[in-house]
1. Extending each Cα 7 Å along its Cβ direction at residue 9 and residue 34, get the distance between those two points in nm, one decimal.
2. Using C-alpha positions alone, give me the convex hull volume of the chain per residue in cubic angstrom.
3. Could you tell me the relative contact order of the chain? Use alpha-carbon pairs under 8 Å, at least six residues apart, and round to a whole percent.
Amino acid sequence: MRYKHKHIKGLSIELIAPTKKGYKVLQTELYNTSGIVKLRTPKVKTAYFYDSEIKDLFDLDNNIQILPH
């Protein structure tokens, strides 16, 4: 399941695996750091978030549906 960031436009995460303190996620960025210019190719990287960070920063109620290709 993919979740959108509450405050940063174009930032989303997909949970990969639980860890002792939180989750390992794939983080996808669609815009540059200013949030104005869209990137040509989405920037995808592996990140780690605590449980509390995920609850505070990401919209867990409205997940993004991933469409099959």
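1. 1.2 nm
2. Given the Cα convex hull of the chain, per-residue volume reads 98 Å³.
3. This gives 36 percent for the chain.
Taken together, the values in this text are just the output of simple stated rules run on the coordinates, not laboratory data. A quick note: this is a predicted structure, and the numbers were derived from the prediction, not measured. So basically every Cβ, Gly included, is an ideal-geometry build from the backbone, and we count neighbours across all protein chains shown.
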